[in-house]
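One structure below.
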Amino acid sequence: MNTRDGGETWKIQKHELKIAYGYEDLQACSFINKMQGWCVSFEGNVICTKNGGNDWITLPKPTDNVLWGICFIDSLTGWVVGRQGTIFSTTNGGLSWTDQSLEISKSLEDVHFVNKDAGWIVGSNNFLASTVNGGERWTIESTNLDNTGLFNTITFISADTGWIAGGSIGYFRTLLKTTDGGVTWNPAIDPFGGDLFDISFANSRVGWAVGEKGTILNTIDGGETWNWQMNFPSASLNSVQFLDERTGWATGGFSLIKTTDGGDTWQYIDKMEGNQLFFIDSHKGWLVHAREGIYNTVDGGQTWQHQLSKPGYHQIQFIDENNGWATGAASDSTYIIRTGNGGKAWTELFVAHDYSLSHFFFIDSLHGWLFGSQDVIMATDDGGKSWEIQQDKNSKWGLYAVMDMCFVDSLYGWGCGTDSRLWHTEDGGKTWIQRYNPNYDDFTTVHFFDRNEGWLAGILTLQHTIDGGQTWQEENLYKYFWSDLSFTDRDHGWAVGIHGVVARYENSTWVIQGDDKQHPADFKLNQNYPNPFNPATHIPFSLPGQGTIRIAVFDLMGREIATLVDNSMSAGNYVVDWNGKDTWGQPAPSGSYFYQAIFNGQTMTKKMLLVK
């Protein structure tokens, strides 16, 4: 696209690079003036314009590898970089190319030259190299960072001053600056919050960096300090717990909120992102964070102390102030840890290889169950030291993606999951019976008081039973994607869901407290659920009015691998599923992915983790 009024309006300029499965993606461009520029593509093509993009011609193809970056310093001299150390240079505007590739497996993401001799390349594993002879020889440089990150872009405004932007597997930003021509690189900003994908400077002092979660950073002092200009944090609430009729907490997105008046009002008490929280009284509680580990509070959530820094935890439960468990996942394994001193020390009890079982439920200090996004249920009768498979993928009922479980004693329990599935056991999980399979979407949470009365919630449904799940009554309130339920007794309870909604149950009636509007006020893209996931996940989003919505999935290299929604929709709250497969129906590999929604000119992007 091209603008001639400073970005107020844009005109589409299309060059149709046709390939076997459609039109080819363009990855980067380089212009030396307002008329002449070049672009590189996913299939290794290079195109050129000499009239400001009105017409484009295809140049001789330097490689079949993916090309990610391009830099021209004049009408003749330029370089392109791409996968597996690919580097090509030209001295005739791209009519012919010279191979300067490195014998490395790393993906080269960007290239920048300040003259025909001095240049730099960046790429995967925080790779940085420089040349002083036009790329005939490259010298690998050190940035004092580990090799788990990805340098996405590099730019220089002079032979001495330049910046690198990127991110790491740990979801932290990288923004580095040099003032001595790349001899040394120093952090220009403390790493926080997510990946940075591109950087641009208007002059030696004013610049911007953009990245994950709709982030825009701005500097006016040459990158010494950076300020937020905009970001789009999640509005989902993932977990709720009440100790009595008035005191409760909820967590989700980037906030922890608390109420002391039964949910009539809520107070933001800490800017913390949590997967799940657990309180045993009005003061003592714990919160698990998927990337930062386990936190503890002894003042009702006003302050938090880091107890365990290991990432990957999804759920936590305590039966008293000392004894608790937590589960986590890494690659294709699940581990469970236990504490006997309130979280001061944790011991790893069990590792389930080849399973992704991120949820558990303990009825007492000995009896517990482990389950998750694969069709397996495991049980323990010794506090988690040993586990026995009770239900697996070869069983009669074929359990699949169990989302929640509740036991009222050591024998009677229920589990709920995807595809509107509900199961029941009367022998501690040795056998499971599918009791209910209505025409609903996924169930996310289940809660029983005894062997007869219980609640079931999920996507666009909230139901009640008084006969052990033989029959269910749908509640008469506006339907949401409900994430969690919490009850202090049979007559008082709360439910939380996406879009920040909180519903309170009292006098046999549910009343929405957080949001009683049928149509959302703002465009929102919420965090996928479950996350991490295997093999499928749900992506909730909200539209404030009629418009065209497009939601797509991208890999870490920025390549679109699946389109989930691309049509006009009316105002409302929606959920779209991704089955973990690409456009051609092939399973996507394990790893991190981005999903992006574009609605009426607004763009939101979030990250999710597929674990197999």
Under the Karplus relation with 6.51, -1.76 and 1.60 and θ = phi - 60°, whole-Hz ³J(HN,Hα) for the stretch 425-434, x at Gly and Pro, equal 10, 10, 9, x, x, 5, 10, 10, 10, 7
With every protein chain in place, the accessible area of F88 for a 1.4 Å probe, in Å² rounded to the nearest 10, comes to 20 Å²
Sparse-neighbourhood loop hits (GluC sites (Glu not before Pro), the stretch 42-141; DSSP loop; Cβ within 10 Å at most 12 others) -> E103, E136
In the stretch 565-612 the accessible area split gives carbon plus sulfur, as whole percent at 1.4 Å, a share of 51 percent
Counting only residues 5 or more apart in sequence or on a different chain, those whose built amide H sits under 5 Å from that of D582 are A588
Expressed in square angstrom to the nearest 10, the accessible area of W97 with a 1.4 Å probe stands at 50 Å²
Accessible-area order for I157, I220, I337, largest to smallest, probe 1.4 angstrom, reads I220, I157, I337
For T153, the residues 5 or more places away or on another chain with a placed amide H closer than 5 Å to its own amide H are A165
Along the stretch 458-465, Karplus-curve 3J(HN,Hα) (6.51, -1.76, 1.60; θ = phi - 60°) to the nearest Hz, with x for Gly and Pro, reads x, 6, 6, 7, 8, 10, 9, 10
By accessible area (1.4 Å), largest first, K34, K581, K258, K385 order as K34, K385, K581, K258
One finds, for I140 and N507 with R0 = 60 angstrom and r their Cβ-Cβ distance, a FRET efficiency to the nearest 0.05 of 0.30
Mean accessible area per residue over the stretch 63-141 (1.4 angstrom probe, all protein chains present, square angstrom) is 41 Å²
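Quick check: net charge around H447, other residues with Cβ under 11 Å of its Cβ, Lys/Arg +1 and Asp/Glu -1? Present the calculation step by step, with values, prior to reporting the outcome.
Numbers: positive: R490; negative: D404, E453, D484.
Taking every other residue near H447 into account, the sum is -2.
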With x for Gly and Pro, the residue-by-residue ³J(HN,Hα) of the stretch 31-39, computed from phi through the Karplus equation 6.51 cos²θ - 1.76 cosθ + 1.60 at θ = phi - 60° and given in whole Hz, is 10, 9, 7, 6, 10, 10, x, 9, 9
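State in Å² the accessible area per residue of the stretch 547-596; use a 1.4 Å probe, count heavy atoms of protein chains only, and round to the nearest integer.
Ligands and nucleic acids excluded, the result is 45 Å² per residue.
The values are calculated or read from the model by the stated rules, or taken from the named source; none is laboratory data. For clarity, every value in this text was computed on a predicted model and none was experimentally measured. Here Cβ is always computed from backbone atoms with ideal geometry, including for glycine, and neighbour counts include all displayed protein chains. Note: areas computed on protein heavy atoms with side chains; ligands, DNA, RNA excluded. Shrake-Rupley method; radii C 1.70, N 1.55, O 1.52, S 1.80 Å.
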